[in-house]
Structures are given as C-alpha cells and as structure tokens.
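Visitor: Here's a structure for you.
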Amino acid sequence: MTSTFKKINDSKYFYTVVSVVMLVLALILRLYKLSDIPRGLHVDEIGMGYDSWCIAHFGVDRYLNSFPMYLSNYGGGQSALYCYLTVPFILLGGFTPLMLRLPSVIFSMLAGIFGWRLVRIVSGKRASLIYLFIFLAVPYFTQAGRIALDCNLMLGLSVIMLNILEYCLRDENYGKKTCFVLLGTVTGITFYSYALSDVVLPLFYLFLVIYLIVARKKVAISSVVAFAIPVIIFAIPQILLQIVNIYGLPAIHIGPMTIPIVLNYRLDDIVFDQVKPNLRWTFDSLFRADNTDFDSFPQFGALYMFSLPVIAFGGLYTLTRLVKSVREKKIRFESVILIYTFSVLLFGLFIQGVTTYRINSAFFGLAFFIVATIEFLFARNRQKVASTALAICLMALYLIQGVQFVDFYFNKYADTVYPQRLFAEDPTDVYNFLDSQSESVRSRLTYVGGANEAYIYYLWAKEISPYEYDHNKYGNNGDGLKYSFWAPEPYDVSCNYVMYLPEESERKSLIGLDFKEYDFGPYKVYLHE
C-alpha cells in the first residue's frame, strides 16, 4: 500500500492515467442510457426544453417573451441559463431527451474535473484521486448529472468559481485585476444558474471578506473594483426582475432581451420560522431521501447514511484548520471551501421546502470533507497501520455501496420507481395515432388526463409553435387545439380520451361506456366508435 501511494506521489504518468480512467468512468455513468433513465421527462425538464426549442427556432419563449432573462415556466419561474445552454444541442440534435440532458452531463463533469484540480492544489495528488473515487461512488453526483434541471448547474459553476477564487487569492496573483474580473464574471454567470444563488453568493462573499480580514489578508481596493464591475453588470437584470415583479410593473425590453413578468412570482421562498423542520429536511435530503426520487433513493440517500460521521469529522477537521489559519494569519483554501459549504447549508435553513437539488452546490464541500477524513487517516503517522486500515475500509464501503447503487440505478430504477411523480413519457405515438383517424374522430374534443401539465408534452410531441398555441391566451388547458388537458367525469361519449397510467376504475368506466381502448404503453387512448 505504501509503495502504491509512493507511485501516486512520484509518478506523474501513473497519477494521470488513474485520474483519466476515473473521469472516463464518470462520463460513462452519465451518458449510459441517458435518454431512458430517468424514465420519461420531468415536468420541469420538458417545460425548460420547450422554452429552449421556442427560443432556438423563434427567438421567444412560450409566453412570447423575446430572449427572456428568466423563464416563467408554469408560473412560478425558472432560471434561464440551462435553457440557453440547451439551444445549440436542440439545433444540432433535435428536441429529444438526450439533447435536453447533455448540458447537465457537461456541468456535472466540470464539477468532477475542476473539483479534482482544486483538491489536488489544496490537499495533494492522493486526495484528488480520493475525490474522483467519491465522485464516482456517491449517488447524488451521478443522479444530478443525468437530469435537465436548471438548478443543477449551480454545483458545476460554483466549483469553477472556487477554482478561480483560489487562483486569485494566491500571493503572486492577488493584485492582478484580470483574475478578479474573471472571478466576477463567473460569479455573475452563477447568479443565472439558480434563483437561490442570489442570496447564497452574497452571503458567501460576506463571510469570505470577514475571513480575509480576520486572517490579515490585505484586501486590495483595485481588486475589489475589478471583481465588482462584472458582478454588478450581471446583477442589474436580476435587480430589474425583482422590481418588475414585486411592484407589478410592465416587462422591460433591453434590445432583444426581456425582463419578463412572471405569472406567479414567488416571494415566499425565504422564511425565518422553519429552522427546526428545515434541519430535519436537510438531514433527510443529504443522508436519507427527500420527496424527489430522481435526486436520491431511500435505501441509499444522496450521500449514504454512513457518510454522516465521515463528513462530520472532515468538517470539524477543516474547521480546526480554519482556526489555525486565523491564528497564523495565513490563508488556507480549505477554509474557503468550508465557508462556501456553510453558506449554502445555512441558507438552506431559511428556504421554503428544503430538497436535495435546492442545496446542490454544497455537495462539492461535503465530498471534500469525506476526502479530508480519508486523507487524514492515510497521512496519520501515529497508529499508522490502524489508521490506514480504517481508511481502506471506508473506501471499500463506498465502493460496495457505489456498485449497489449503480446496479439499482441502471437495472431496477426505471421499473421499480414507477410511476415517478412529476414525470411522463413521450406521447408522440399517441398524437400521431389520433391524427391518423377519420375526420369525425379528429374533430371531437379530446380530453387528456393523468400526466402533470400534460399540455406541455403535447407541444413537445407535435413541436407546436408558440405562435400557434398562445400561452398568454389559452394558459395550460389546451383551448384552441381541440384538446383539453384534464379528464372530467362523467365521461362524454362524444369526446375522445387519452389517459396516462389510468386507474383500473377509470379504464372500466370508459370501457363500460363502449369506448374502445388502444394501448400505447403507459398511455391509453379511448375512442367511441
């Protein structure tokens, strides 16, 4: 074992090969069956995807806002960065689940690559390999990298931001304005990755400045200005968005860009009376499971339950290093990682409804704490044999659990976690079948039930122009399309019905009225002939 670690430290070739192999494995885990797992598309994936398709082909979102800097989605809002990143993939490969999910793969891999680089700089080569091992073994990194949700960009962007910050804080770079302009630019872009970053990032930089002052790191005014200018430029549209929606002002048009009116603008995401339940929900979101199966499974959690003491030890060890750095008046970047992770988790205590994806950018820091614990055990000189054995046992445990997770995810998840809340499958064959019917059938009103926001899956399947289906006029109910995206009872024999995963009682009721059932997998079509 000692000779192996000596190879890692002494052989650049060995270290590079092992790093590349693990990154390739991580990429395979993200690309394998990407179109099929998770099964179907989440309602927010397809909502973002349809807006991206509209922007790619018409330059407007589904509400006819020209190049919006924020999406209304179903009324509650959605960050726009993922939408714009998806545009070139849709233009190249079409409006498919694979194209929608590729940006998530890319930014997940960036979290792996830039995380590996940062850990290598902060803690050494061996620690960076341990990080890649944890990146492979921990469920959340794989799951978040395979679904097209806007919020998941924040993890990759925050790791890139921390890399640039580390470079800027080096003594030889501290006065270089270009470093801080780049840092400010990436920080500004991160504001557009997820709405909650508007609070997390200012909180982090506030704590960072306090740390730098306490550690007697001279804060150069020129560097602060160089950082602030791009941040302010990127923040202006965000501030205007708040003003427009809080005060009910008209949408603002800046060139081709729109500061939109969001239908149901959320002002209640930040709360101060749920700290106690949020502590429990944060614990569940990290180590058990939240209410979103696509982020974590109860039998594994996002990080595995046994990671709790490992993370706690690594976090406390990093905290002691922070205290030591303050006493020595010397900046240690692991302290900055701790501060960022603390900022995310602290803010998580004051948001409405903590879920795994809402605190996703904390996962790099949590993985870093796992690495810190294992690296501490490997590097320990006292009781070296016992410490090394414990470190190996921990890694073996992560390996065993990781293999079990991968087996479940790729071989069992699609069938056992089904139907999955807020997901629905491609209905293209259903609507093509209806279009192939006689005029008397096509002219009937068709009710579509069972799927959440079923209308958006129709717009995806038929690639309906936002000008053909005007959301501002029709909303989500399908008026004007001869479709109504709900299925009221009693059933009407003069109408058609499309049901997604219908209950047996619904099937019997329709068949009892002499509707003929046509089977399209999870979809059933009922025609009265």
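Visitor: Against the conditions (1) at pLDDT below 95; (2) not assigned by TED's automatic domain parsing to the domain that holds LEU98, where does ALA386 fall short? Just the number, please.
Guide: (2)
Visitor: Residues being surrounded by fewer than 24 Cβ atoms within 10 Å (Cβ to Cβ) and closer than 24 Å to ALA362 by Cβ: count how many of those fall in region 60-77.
Guide: 2
Visitor: Scan region 66-78 for residues that are within 14 Å of ILE46 (Cα to Cα) and not in a loop (DSSP other than H, G, I, E, B) and jot them down.
Guide: Matches in region 66-78: LEU71, GLN78.
Visitor: Can you pull out the residues in region 44-79 that are out of contact with any helix residue (DSSP H, G or I) (no Cβ under 7 Å at 6 or more places or on another chain) and under 20 Å from PRO522 (Cβ atoms)?
Guide: ASP44
Visitor: Also, I was wondering about something else. Quick check on VAL275: is it more than 24 Å from GLN420 (Cα to Cα), in contact with a Leu (Cβ under 7 Å, 6 or more places away or on another chain), buried (at least 17 other Cβ atoms within 10 Å of the Cβ) and among the hydrophobic types (A, V, I, L, M, F, W, C)? Let's see the steps before the verdict.
Guide: Values: more than 24 Å from GLN420 (Cα to Cα): yes; in contact with a Leu (Cβ under 7 Å, 6 or more places away or on another chain): yes; buried (at least 17 other Cβ atoms within 10 Å of the Cβ): no; among the hydrophobic types (A, V, I, L, M, F, W, C): yes.
Answer is no for this residue.
This table checks each residue for (1) modelled with pLDDT of 95 or more; (2) of a type outside the set (A, V, I, L, M, F, W, C).
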{"position": "VAL417", "(1), (2)": "no, no"}
{"position": "LEU445", "(1), (2)": "no, no"}
{"position": "TYR455", "(1), (2)": "no, yes"}
{"position": "LYS473", "(1), (2)": "no, yes"}
{"position": "ASN476", "(1), (2)": "no, yes"}
{"position": "ASP514", "(1), (2)": "yes, yes"}
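Visitor: Within region 204-244, how many residues turn out to be in contact with a Leu (Cβ under 7 Å, 6 or more places away or on another chain) and either under 30 Å from PHE67 (Cβ atoms) or touching a residue at least 24 places away in the same chain (Cβ under 8 Å) (or both)? Can you show your working first?
Guide: Let us first name the residues in region 204-244 that are in contact with a Leu (Cβ under 7 Å, 6 or more places away or on another chain), namely 219, 227, 243.
Those still in the list that are either under 30 Å from PHE67 (Cβ atoms) or touching a residue at least 24 places away in the same chain (Cβ under 8 Å) (or both) too: 227, 243.
The total comes to 2.
Visitor: Let me ask something else. Enumerate the pairs (first residue in region 502-522 and closer than 15 Å to PRO488 by Cα; second residue anywhere and among the basic types (Lys, Arg)) with beta-carbon separation below 8 Å, excluding pairs fewer than 6 apart on the same chain, so at least 6 apart or on different chains.
Guide: Here the result reads PRO502/LYS524; ARG507/LYS524, each pair linking region 502-522 to a residue that is among the basic types (Lys, Arg).
Visitor: Restricting to region 327-358, name every residue that is farther than 18 Å from LYS217 by Cβ and hydrophobic (A, V, I, L, M, F, W, C).
Guide: Narrowing region 327-358 to residues farther than 18 Å from LYS217 by Cβ: 341-358.
PHE342, VAL344, LEU345, LEU346, PHE347, LEU349, PHE350, ILE351, VAL354, listed by residue number.
Visitor: So which of ARG442, ARG358 is of a type outside the set (Asp, Glu) and surrounded by fewer than 16 Cβ atoms within 10 Å (Cβ to Cβ)? Give the steps one after another, and end with the answer.
Guide: Working: ARG358 fails: surrounded by fewer than 16 Cβ atoms within 10 Å (Cβ to Cβ).
Going through ARG442, ARG358 in turn, just one is of a type outside the set (Asp, Glu) and surrounded by fewer than 16 Cβ atoms within 10 Å (Cβ to Cβ): ARG442.
Visitor: Would region 286-304 turn up any residue that is at pLDDT 90 or above, in contact with a helix residue (DSSP H, G or I) (Cβ under 7 Å, 6 or more places away or on another chain) and at positive phi?
Guide: yes
Visitor: How many of the residues making up region 126-161 are at pLDDT below 95 and surrounded by fewer than 24 Cβ atoms within 10 Å (Cβ to Cβ)?
Guide: 1
Visitor: Output yes when any residue across region 239-257 is surrounded by fewer than 14 Cβ atoms within 10 Å (Cβ to Cβ) and under 21 Å from the mean Cα position of the chain (by Cα), and no when none is.
Guide: Looking through region 239-257, none of the residues is surrounded by fewer than 14 Cβ atoms within 10 Å (Cβ to Cβ) and under 21 Å from the mean Cα position of the chain (by Cα).
Visitor: Name every residue in region 410-438 that is under 24 Å from ASN452 (Cα atoms) and hydroxyl-bearing (Ser, Thr, Tyr), in order of residue number.
Guide: Residues satisfying the conditions are TYR413, THR416, TYR418, THR428, TYR431.
Visitor: The conditions are (1) outside any helix (DSSP H, G or I); (2) of a type in the set (Val, Ile, Thr); (3) out of contact with any helix residue (DSSP H, G or I) (no Cβ under 8 Å at 6 or more places or on another chain), and VAL354 fails exactly one of them. Which is it?
Guide: Answer for VAL354: the failing condition is (3).
Visitor: Is one or more of the residues making up region 328-340 over 19 Å from the mean Cα position of the chain (by Cα), outside any loop (DSSP other than H, G, I, E, B), assigned by TED's automatic domain parsing to the domain that holds ASP284 and of a type in the set (S, T, N, Q)? Talk me through it step by step, then tell me what you get.
Guide: Step one: of region 328-340, the residues over 19 Å from the mean Cα position of the chain (by Cα) are 328-339.
Of the ones still in play, those that are also outside any loop (DSSP other than H, G, I, E, B) are 328, 333-339.
Restricting the remaining residues to those that are assigned by TED's automatic domain parsing to the domain that holds ASP284 gives 328, 333-339.
Then keep just the ones that are of a type in the set (S, T, N, Q); that gives 335.
Yes; the residues of region 328-340 include at least one that is over 19 Å from the mean Cα position of the chain (by Cα), outside any loop (DSSP other than H, G, I, E, B), assigned by TED's automatic domain parsing to the domain that holds ASP284 and of a type in the set (S, T, N, Q).
Visitor: Still on this structure: Determine whether PRO88 is in a helix (DSSP H, G or I), surrounded by 22 or more Cβ atoms within 10 Å (Cβ to Cβ) and either outside the structural domain of VAL371 (by TED's automatic domain parsing) or not small (Gly, Ala, Ser) (or both).
Guide: On the way: in a helix (DSSP H, G or I): yes; surrounded by 22 or more Cβ atoms within 10 Å (Cβ to Cβ): no; either outside the structural domain of VAL371 (by TED's automatic domain parsing) or not small (Gly, Ala, Ser) (or both): yes.
It is false that PRO88 is in a helix (DSSP H, G or I), surrounded by 22 or more Cβ atoms within 10 Å (Cβ to Cβ) and either outside the structural domain of VAL371 (by TED's automatic domain parsing) or not small (Gly, Ala, Ser) (or both).
Visitor: More than 19 Å from SER440 (Cβ to Cβ), under 35 Å from the mean Cα position of the chain (by Cα) and not hydroxyl-bearing (Ser, Thr, Tyr): does that describe GLU489?
Guide: It is false that GLU489 is more than 19 Å from SER440 (Cβ to Cβ), under 35 Å from the mean Cα position of the chain (by Cα) and not hydroxyl-bearing (Ser, Thr, Tyr).
Visitor: Which condition does ARG327 not pass, out of (1) surrounded by fewer than 21 Cβ atoms within 10 Å (Cβ to Cβ); (2) touching a residue at least 40 places away in the same chain (Cβ under 8 Å); (3) not acidic (Asp, Glu), if it passes all the others?
Guide: Result: ARG327 fails condition (2) only.
Visitor: Next up: Within region 97-107, how many residues turn out to be out of contact with any Gly (no Cβ under 9 Å at 6 or more places or on another chain) and surrounded by fewer than 21 Cβ atoms within 10 Å (Cβ to Cβ)?
Guide: 1
Visitor: Does region 395-417 hold any residues that are under 21 Å from the mean Cα position of the chain (by Cα) and outside any helix (DSSP H, G or I), and which are they?
Guide: Hit for region 395-417 is VAL417, nothing else.
The values are calculated or read from the model by the stated rules, or taken from the named source; none is laboratory data. Keep in mind that what you see is a predicted model, and the values were worked out from it rather than measured. A quick note on method: Cβ atoms are made from the backbone with ideal geometry, for glycine too, and the neighbour counts reach across all protein chains shown.
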